[in-house]
Each structure stands twice: as C-alpha cells, then as structure tokens.
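The values are calculated or read from the model by the stated rules, or taken from the named source; none is laboratory data. None of the values given here were measured: they were computed from a predicted structure. Note that we place each Cβ from the backbone using ideal geometry, even for glycine, and neighbour counts take in every protein chain shown. These area figures cover heavy atoms from the full protein model, side chains too; ligands, DNA and RNA do not enter into them. Shrake-Rupley method; radii C 1.70, N 1.55, O 1.52, S 1.80 Å.
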Amino acid sequence: MKVLSPARVAFSLAMLGSLLALALLLAVVSGASALPLSEVWRALIGDDATPAAADIVLRVRLPRALLGMAVGASLAVAGVLFQALLRNPLADPFVLGVSGGAALGGILVLALGSSFGLGYAAVPPAAFAGATLTTLLLYAVAGVRGHVSSTHLLLTGVVFNAFASAAIVFLASISGLTESSNIFLWLIGSLSAIRAEVTGWVVFFLVAGLACALPMARGLNLLALGEESAQQLGIDVERQKRLLLLATSFMVGAAVSVAGLIGFVGLIIPHLLRLVLGPDHRLLVPAAALGGAVFLVVCDTAARTLPGGRELPVGAITAVAGGPLFLWLLRRQQRRVFAP
Amino acid sequence: MSAQAALCFDAVSVKQGDRWIVRSVSFEIAAGEIVALAGPNGAGKTTLLRVASRVLAASEGSVRVQGRALDAWSRREFAQRVAVVPQDANIAFPFSAAEVVLMGRTPYLGPMGFESALDLEKAREAMARVGIEALADRSMLELSGGERQLVLVARALVQEPDVLLLDEPTAHLDLAHRMAVLEQVTEFARRGGAVLIISHDLGLAARSCQRLALLAGGELRACGPPRELLNRTILRDVFGVDAEVFETPDGSIAVVARGITRPAGSAKT
C-alpha cells in the first residue's frame, strides 16, 4: 500500500529544491554578456568582482531570476488550487480568464488612473480586484448548485479572455498607452520590466497563499470526491473555498501586475508533478511552488539567450509549451467522459 | 421518541423553491438496527439522507444523532459518528483506492494530517473486509463502478461511525459484490451500528433489514417490518404498480411487478 509519508514529501521537495538552485545558477551565469563563472561567483558572494560584472549579476540577472521564481511559483500554486476547487485538471488562471481579469484591472488603472491621481502602486490592488471579480463571475456563470460544469467553465474562460484582451487593447489605444508602456509585453507576458515596488507584493502573496493552502491540503484531497463528500468527512467546504479563491486571486493579481499574462504555467506544472508525484495535495501544493519557480526561471533564461540576440517574451515560450498540452488533456478528459 | 435512538427524524420537511420535497417525515433508527428506505424515484429518499448527513438543512423539523441535534455537533465530531456511502464516486484526480479509503480517517487527524501506522492498519483491515486489498494501489479512475463502490464502503467503515447512511450502494454491483456489501452492512449493525440504506431492491430490503420505510411524494407512507409492508395494496399505493410478492422456500422475498396502475410520477401529488 503506497501512501504519502512525511519522508517522501521531504525527499521530493529536496529534489525540487536542488533543481531550483541549479535553475537559479543557470539564470545568473547566462545572458547576453558572457561572464566567466568565477566572476559571477565573486559578484554573488560580494568578493571584489568588477563593477560591471557585479552590476549585471546583482542588479539585472538575480532580481529577474528571483522575480521569475515568485511569479512561476504563484501561477503554479494558483493552478493547483483552481484545479482542486473546481475539480478540473484543465483549470488554470490563464485559461479560466482570471489572469485576463487581473490584467484588465491593472490596465484600467494605467490608462485612466492618472486622471484620478493613481500611480503605478495602484496597479496591484486593481489587478486583485480584477482577478477576484473574474473568479466570482466564473462561479456565477458556470456553477449550478456547487457543481461547476467543465464545458461552461472553459467556454466562459475563453470568451472572457477574448473580451479582456480586446478591452485592454481598446483602453491602451484610447489613452495613448500603446506607445509609452509595453502593452504588447503585458498581453503576452514577460519578466523584462522589473518593477521593484510590486515584486514585494508577489512574494508576500505567494507566502500568504501557501500559508493558507498548506493546512487545507488534506481538505483539497477530499474535494476530489465532491463537495458533499468532503463536507461529510468534516471539512468546512464553504470556508475553504472562500479563503482559497481569495488567496488565489491575490496570487494571480500580484503575478500579473509585474509580469503580465504568462499563460499555462498553472496547467503545465501541476500536470507534470501529478504524473511524477501523484495527486496528493499535501505534496502537490509545495511541489508546485518549487516546480513553477524552476519552470519559469528556465523558460525566462531561454527567452533572453535565444540565438540571434533578440529577447523573446517568456509568455510566448510557456504558451507554445502549454497550448498543445491543454489540447491533449482536453482530449483525454473527453475520452474518459465518453468512454463506454 | 426515545433519546437513545442512534438516528431520529422528527417531523422533517424540506422545501425547495415552492415545492415540498420532503413533508413531515418522522421515524427513528436504534443502534444495531438496519432500516431500508424505499420509494419511487423523486420520492425524497436522497434528500432525506442529505439532511441526515448535514449537507442539506431541513426547512422544518429536526434530525438528531444519539439524541443531539445535528447543529450541536462540531463538524469533526459529527464525521466521527456518521458516515455516508454515496451512489457513485466520480473522482477528479487519480487517487489510489488506498488513498481514498484513508480519506475516511480525516475526522481523526490534524489538518496537515499524515496518517499514523494505526490508521494504515485500519485502512488495510477495512479493505480486506470488503475484499479489495488487491486494488489498494490502483487508481480510482481505472476501477469499475462496482469496485469504486466497494472502496467507498471501506472508506465509510474506516471512519468508525455509529451511524451508516448508504444511498443505493448496490445499484452498480453484480451479485457477488452486492452480497459482499450487504454482509459488511449486516456485520456493522451486529456490532451495534445503526444503518439507513436507500434501495430499490425490495427483496434485498426484506432480507437484510429489520424495518422498511416507504416514502412516496415526500411523505412517509409506511414504516415497519418488511414482511408486513410488502403486499399488493401498499405496493400499489407507494409505487403505483400491480405487483405480486413471493416467498422463496428459504424464506427470502421476491417482488415481481406485473403492470403500472398509474402513470409514473403521479405518486408525487
């Protein structure tokens, strides 16, 4: 009888932690300007590196890698939580349109905020509001008496995404944002515009979200059998749902505020981890945080070191990987539903 | 009504919209007793079971478990007393049978809850009792409907409840699995547990239950020993069918429907 033990959790997380350390190392040594490993190391430990090297490593590569970690972890954990709460492995903040809602909230402030005296600091709260409202909308449209239909959910997400993108482009063009700030990067998702003032939000809500989700991990397992079953085993399902949907909205809102619409991280990482580690959320939730961090840091390193010297937005890479996976998962789910 | 009853329905009514799904139903189940709940589709059987398991609130009346109103129990305490075997489990993720059985230990664990060696032992024992040890590491998604049902029975047993509520637990089962489930239910009652079992199989109800409660149109039409209730008049009244009741040489009862005496659904009026 194979059952999750604390030892297995510790081992799996240690492995993922080592992967993350490797990904970070890769991120700080690779880049447009070739720095020898020894130089990078000296910069990292504060041992007299050349000022140029110290600048590149400590002010450019490291902050960007740390931001990538936090954004990747937030999106992957949000994916796991959405999937557990909606009982659907296809749920992902991007696919569901929650990221789109957050982006729309953020753009609203960027486009119209200056007339009300709102600066960039108002973007994250607006993004949280956008994400939360979208989540509520999803439940209202797709949920009937606690049962959320897969088809309705995904259709609502697709339609809402199309709406949000159009609204973002519209808002950006009427307010002249298309030229000044990089709307394109927001729509496709990128880590290149690091805003120190909002990076802290991402880390804060990631930690808060994990602190919320980890004690409820067992309850998330029970939800797999349905809300009534979980309730009959003593779980306060409504409270759990409210708390975690809120936590998820905040994590997504913060991630979108800094990095725009990076898609499919919340789909790819939970899916891969479930294949390797099993579906138990006591392991899956922390593993998704580490796995999402590794994934986005590696993707972003690839995005900025592509041959030809031109940088690609990281969202393009995650979407190229995630799109086909999504279709494959959808096909598999249909087969399961319609199998004789 | 005695305070000692393991499960007691006291004038329970449930209203959804303008419609009464269940109307003033009262009966009780003593420790060690098995009561079958039967009636036509839409009679309110599952609604009644959902009220008893606290996922649906009664609009009027109350349900008591061991003399205490449902609200008086904490969620955790309640889950240690009352376990439910649902009609079928469609599970969202590929949890193994053993993992699902262990979910039954939730009311005894802390929130991060890793199971102890004792919990694992109890799960193993429950799986052995319903004969599914071999399925322990198989994914629930790969199991047949009948196998999944047995996993859910094992999960309910491992919850170590005093009251067991089953919603058509044998609907998807072949004869052997049906017997296996009934044997476990009987054994559970023999050890002092109270059982409420929804079933469309009146012969089965007659064989394994002390009492039969017949529900139609949300109202309790009759409640008593199956042998007394299973006759032409009552079957016509409750199910709207013309049926004959046979007794086999070994004392089992078989109900054979010959024809419909009124259109299905009119019993609800």
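Counting only strands (runs of 3 or more DSSP E) that fall entirely inside the stretch B:1-48 and contain at least 2 residues that are open to solvent by 10 Å² or more (accessible area, probe 1.4 Å), the qualifying elements are B:7-16, B:19-29. Check whether at least one residue in the stretch A:265-276 is open to solvent by 10 Å² or more (accessible area, probe 1.4 Å) and at positive phi, and report yes or no. Scanning the stretch A:265-276, I find no residue that is open to solvent by 10 Å² or more (accessible area, probe 1.4 Å) and at positive phi, so the answer is no. Taken over the stretch B:204-225, the criterion of being open to solvent by 10 Å² or more (accessible area, probe 1.4 Å) and not basic (Lys, Arg) is satisfied by B:206, B:208, B:209, B:210, B:217, B:219, B:220, B:222, B:223, B:225. In the stretch B:109-142, the residue that is most open to solvent (accessible area, probe 1.4 Å) out of those that are of a type in the set (Asp, Glu) and in a loop (DSSP other than H, G, I, E, B) is B:137. Here B:53, B:74, B:96, B:13 are screened, and the one residue that is of a type in the set (Ser, Thr, Tyr) and more than 10 Å from chain A (Cβ to nearest Cβ) is B:13.
You will find that of A:214, A:261, A:225, A:191, the residue that is of a type outside the set (Gly, Ala, Ser), in contact with a helix residue (DSSP H, G or I) (Cβ under 9 Å, 6 or more places away or on another chain) and not in a loop (DSSP other than H, G, I, E, B) is A:214 and no other. In summary, residue B:106 fulfils each of the numbered conditions (1) more than 10 Å from every other protein chain (Cβ to nearest Cβ); (2) open to solvent by less than 20 Å² (accessible area, probe 1.4 Å); (3) polar (S, T, N, Q) with the single exception of condition (1). Out of A:81, A:66, A:86, which single residue is open to solvent by 10 Å² or more (accessible area, probe 1.4 Å) and within 14 Å of chain B (Cβ to nearest Cβ)? Going through A:81, A:66, A:86 in turn, just one is open to solvent by 10 Å² or more (accessible area, probe 1.4 Å) and within 14 Å of chain B (Cβ to nearest Cβ): A:86.
Each residue in the stretch A:218-255 was checked for being open to solvent by less than 10 Å² (accessible area, probe 1.4 Å) and more than 14 Å from every other protein chain (Cβ to nearest Cβ), and 7 of them qualify. Of all the criteria given as (1) crowded, with 22+ Cβ neighbours inside 10 Å; (2) of a type outside the set (Phe, Trp, Tyr); (3) modelled with pLDDT of 90 or more, the one not satisfied by residue B:177 is (3). Just for the stretch B:79-92: of the residues that are within 7 Å of chain A (Cβ to nearest Cβ) and in contact with an Asp or Glu (Cβ under 9 Å, 6 or more places away or on another chain), which one is surrounded by the fewest Cβ atoms within 10 Å (Cβ to Cβ)? Among those residues, the one meeting the criterion is B:86.
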